[in-house]
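Only one structure is covered here, and it is reproduced in the block below.
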Amino acid sequence: YYAGNWPGSVWMIKKSAWKKLSKLKAFGRTVPDQLGMIYTPQDMVNFGSRVIAFRSLHAHGRLLPKLIRLGINASAGTGKESKNGKNRLVNDEGDEIRTTECPAWSEYQYIEGEFVASFALGYNFGDGYWHGKYMASALQDVCQFEKGEALHISWDSFRLFGSHLPWSVRDVSTIWGKPIAEGKTSIDEIWELQPY
């Protein structure tokens, strides 16, 4: 079942590690780098917000802000995955960390998996498998991201007649290791979420 229900990915790359992408032999620059030659930094923030807003028009996009905050908070060491709830973060005392808080978000550059594929592979397609773990592994071989510098957030499609969306948040430096967080979220819960 397609109709706006495709697997996808988003990458969150620390701004301090962004230059590592230049190690790739590529025809052009990343989309943010190309646009940055023409537009102001504030324009770039506005464009990034519009891309996130576009994602939020689709059901899976409503979950994205929560997954981004969950990944950044976990990689920053402000929380860990709870043992009894796969998509909750808890501190060392076991208290839940609200995923509405994410002070470190401004340290990261948001980029669509499709844009990473277009830059790294010279081709993109709106299919999350194309810019999934295999591509992340290849980029890691070249870029050598340190832990916490690059996050790969991916989701699968809702299954036909299914009621849950599978997703995962991984650190690119350990892409084949244990994910930072993974789970399935019900369509009912997703429709209750606000896309911000």
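The values are calculated or read from the model by the stated rules, or taken from the named source; none is laboratory data. Keep in mind the model is a prediction, meaning the values are calculated, not measured. No Cβ is skipped: glycine too gets one built from the backbone with ideal geometry, and neighbour counts run over all protein chains shown.
Looking across segment 57-67, the residues that are under 16 Å from W11 (Cα atoms) and touching a Phe, Trp or Tyr at 6+ places or on another chain (Cβ under 9 Å) come down to H60, G61, L63, L64, P65, L67.
Output the residue which, of all residues in segment 19-36 that are among the hydrophobic types (A, V, I, L, M, F, W, C) and assigned to a helix (DSSP H, G or I), is modelled with the lowest pLDDT.
Residues of segment 19-36 that are among the hydrophobic types (A, V, I, L, M, F, W, C), as a first pass: 21, 24, 26-27, 31, 35.
Retained after the next criterion (residues that are assigned to a helix (DSSP H, G or I)): 21, 31, 35.
On the way: L21: 91, V31: 81, L35: 86.
Among those residues, the one meeting the criterion is V31.
For segment 1-42, filtering for residues that are charged (D, E, K, R), under 23 Å from F54 (Cα atoms) and touching a residue at least 60 places away in the same chain (Cβ under 8 Å) leaves 3.
Out of the residues in segment 32-55 that are touching a Leu at 6+ places or on another chain (Cβ under 8 Å) and of a type in the set (A, V, I, L, M), state the one that is nearest to F115 (Cα to Cα). In this case the residue turns out to be I52.
Would you mind stating whether K86 is of a type in the set (K, R), modelled with pLDDT under 80 and within 18 Å of R170 (Cβ to Cβ)? So K86 passes the test. Apart from one condition, F145 fits all of (1) in contact with a helix residue (DSSP H, G or I) (Cβ under 7 Å, 6 or more places away or on another chain); (2) buried (at least 16 other Cβ atoms within 10 Å of the Cβ); (3) part of a loop (DSSP other than H, G, I, E, B); (4) modelled with pLDDT under 90; the exception is (4).
Against the numbered list (1) touching a Ser or Thr at 6+ places or on another chain (Cβ under 6 Å); (2) at pLDDT 90 or above; (3) crowded, with 18+ Cβ neighbours inside 10 Å, A136 comes up short only at (1).
Only one residue in D141, D156, D171, D127 is free of Cβ contacts under 8 Å to residues at least 24 places away in the same chain and among the acidic types (D, E), so which one is that?
Selected residue: D141, the only one of D141, D156, D171, D127 that is free of Cβ contacts under 8 Å to residues at least 24 places away in the same chain and among the acidic types (D, E).
Restricting attention to segment 169-195, the residues being part of a helix (DSSP H, G or I) and hydrophobic (A, V, I, L, M, F, W, C) number 4. Kindly establish whether F125 is surrounded by fewer than 19 Cβ atoms within 10 Å (Cβ to Cβ) and either among the β-branched types (V, I, T) or not in a helix (DSSP H, G or I) (or both). Yes.
Conditions (1) more than 16 Å from the chain's Cα centre (by Cα); (2) within 19 Å of M12 (Cβ to Cβ), marked per residue:
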position: L121; (1), (2): yes, no
position: W130; (1), (2): no, yes
position: A150; (1), (2): no, yes
position: I153; (1), (2): no, yes
position: S157; (1), (2): no, no
position: V169; (1), (2): no, yes
position: G177; (1), (2): yes, yes
position: Q194; (1), (2): yes, no
